[in-house]
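The values are calculated or read from the model by the stated rules, or taken from the named source; none is laboratory data. All of these numbers come straight from a predicted model, not from anything done at the bench. Note that we place each Cβ from the backbone using ideal geometry, even for glycine, and neighbour counts take in every protein chain shown.
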Amino acid sequence: MNDDSSIVRLAAILRDEIGRLRPGDRLPSSRELVRLHNVSPVTVSRAIGRLAAEGRVITKPGSGAYVAPAITHGGDDTDMSWQTVALGDRTVDDSGVSGLLASPPEGVIPLTGGYLNTALRPSGALSAAASRALRRPDVWAMPPLAGVSELRRWFAQELSGDIAPSDILVVSGGQAALVHTFRALAAPGTPLLVETPTYPGALAAARAAGLRATAVPMDRDGVKPELLAEAFAITGARVFFCQPTLHNPTGAILPLERREQVLAIARAAGAFVIEDDYARYLTSAPPPPPMVTLDAHGTVVHINSLTKALSPSVRVAGVVARGPAARRVRANQLVESFFVARPLQETALEFVSSPSWRRHLTALNTELTLRRNTLATALTTHIPTAEIHLVPRGGLHMWVRLPDDQDEDAVVEAAKRAGALVSPGRIYYPAEPPGPRIRVTHSAAVHPAELVEGVRRLATALAAS
């Protein structure tokens, strides 16, 4: 990245300064460092982050960074080079998701991220649900391995059709569900078909499982069935991952006819469909029925997570799987993490079983609609040369195509310097991206006015890059 050299230089300067200070001394504030060294807030944040990772400083939110106690177990003189040989070439690439989870530096407007900001979360109602859950007599007992029975029943009732509580496995959020299902359904080295573009977390989980993500093109209505059939035939893949409702990042909703076609194609190929229904609660306009409710053959493994609609820390999801596939998914969770902590399951159950759940969804979707419209208007007004792929019927994001003469990485870095964070489009592709794109999120900003200011800063960055 263009800022790497600035981060390295500032980190080196601060190391020298730390050498002249005592443990517990406070470093200059972020604003002071920006002014003294003529760098961006992002550069300061990342330099401090490096020093914290090295154990040289301790950061205290709202207070600043302080010199850490002296390291007495070898520090920089410890030779860790032997690990290079021991580890070999086994790596897990988290670059596509780490940026989406990082907190923005002070003064920088987040136009990226995958969760609701604090103002949109039902924090008070969740705390009340947690208090009620903790009074349950068995809350600290080991839960059933597949999940608390009442919570499994609730997940089953959320889906129409023939879904039974016994078809549900409770897991630690949508990302864990992807890890478990990828490992259970596909062998290392085999292909995994994905929509292109697609969710970076799915690409990271696929690579960690040793799978080869293979792109299947989309249009504004979602994946193209004829190209999906061709991809199955050419690759021999046995798993297709998709987000048919409010696809991340494009916002596409797969029509009912195409959902039926996808099921028929997968059935003919003897393949599974992993249906990531992450946004089912992020729209007030009912989408077509989930594919799992149209499936009579155990083709679909369905994932319904509560995290996106509630809070990053409500890591609870229900996975629908049937037949031998269900046994494999459950075995994968068992050997990896045993089960989801019972207090968290009981808290989730308390909340979704209370009137607060529907009240929250109504208020949330009203606010998300306002923010979506505000973002679309701001993009059209301030960046008329950029093209919105489509204005989605819900969700958290918009997919934006930049003019062909723009360098995507340069725009993202210029936006950081201008005080706005956006997601580079390249992280959403399993192969080479077709052109410069960015994903812009409307749920992470504190309020709609901040969205408009963030887009104005983005427009400044585009003009300068």
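Observations on the model:
- Of the listed requirements (1) aliphatic (A, V, I, L, M); (2) outside any helix (DSSP H, G or I); (3) closer than 26 Å to Asp277 by Cβ, Val446 misses just one: (3).
- Selection within segment 301-328 - over 13 Å from Ile163 (Cβ atoms), of a type outside the set (A, V, I, L, M) and in contact with a strand residue (DSSP E or B) (Cβ under 8 Å, 6 or more places away or on another chain): Ser305, Thr307
- Scanning segment 186-202 for residues that are surrounded by 24 or more Cβ atoms within 10 Å (Cβ to Cβ) and assigned to a helix (DSSP H, G or I) turns up Pro200, Ala202.
- Only one of Ala252, Ala309 that is in the same structural domain as Leu228 (by TED's automatic domain parsing), part of a loop (DSSP other than H, G, I, E, B), under 22 Å from Trp399 (Cα atoms) and out of contact with any helix residue (DSSP H, G or I) (no Cβ under 8 Å at 6 or more places or on another chain): Ala252
- Residues (over 18 Å from Val452 (Cα atoms) and either touching a residue at least 40 places away in the same chain (Cβ under 8 Å) or surrounded by fewer than 19 Cβ atoms within 10 Å (Cβ to Cβ) (or both)) located in segment 412-436: Glu413, Gly425, Arg426, Ile427, Tyr428, Tyr429, Pro430, Ala431, Glu432, Pro433, Pro434, Gly435
- Residue list for segment 255-271, filter: surrounded by fewer than 18 Cβ atoms within 10 Å (Cβ to Cβ), part of a helix (DSSP H, G or I) and not charged (D, E, K, R): Leu256, Ala264, Ala268
- Summed over segment 322-344, residues that are assigned to a helix (DSSP H, G or I), surrounded by fewer than 23 Cβ atoms within 10 Å (Cβ to Cβ), of a type outside the set (A, V, I, L, M) and in contact (Cβ under 8 Å) with a residue 40 or more places away in the chain total 7.
- Any hit, segment 358-369, residues being in contact with a helix residue (DSSP H, G or I) (Cβ under 8 Å, 6 or more places away or on another chain), in the same structural domain as Ile438 (by TED's automatic domain parsing), in a loop (DSSP other than H, G, I, E, B) and within 23 Å of Glu453 (Cβ to Cβ): no
- For segment 61-99, the candidate set comprises residues that are modelled with pLDDT under 75 and part of a helix (DSSP H, G or I); within that set, the residue that is farthest from Arg31 (Cα to Cα) is Asp77.
- Evaluation of Phe240 against (1) in contact with a strand residue (DSSP E or B) (Cβ under 8 Å, 6 or more places away or on another chain); (2) closer than 21 Å to Ala279 by Cβ; (3) outside any strand (DSSP E or B) (one fails), failing number: (3)
- From Thr381, Thr385, Thr362, Thr369, residue being modelled with pLDDT of 95 or more, β-branched (Val, Ile, Thr) and over 30 Å from Ala125 (Cβ atoms): Thr381
- Exactly one residue out of Ile18, Ile48 is touching a residue at least 40 places away in the same chain (Cβ under 8 Å), surrounded by 13 or more Cβ atoms within 10 Å (Cβ to Cβ) and among the hydrophobic types (A, V, I, L, M, F, W, C), and it is Ile18.
- Test result for Arg426, assigned to a helix (DSSP H, G or I) and among the basic types (Lys, Arg): yes
- Among the residues of segment 429-443, those identified as closer than 21 Å to Leu282 by Cβ and either in contact with a Ser or Thr (Cβ under 6 Å, 6 or more places away or on another chain) or part of a strand (DSSP E or B) (or both) are Ile438, Arg439, Val440, Thr441.
- Every residue from segment 51-60 that is surrounded by 15 or more Cβ atoms within 10 Å (Cβ to Cβ) and in a helix (DSSP H, G or I): Leu51
- Residues in segment 289-301 include at least one that is in a loop (DSSP other than H, G, I, E, B), assigned by TED's automatic domain parsing to the domain that holds Thr198, β-branched (Val, Ile, Thr) and crowded, with 23+ Cβ neighbours inside 10 Å.
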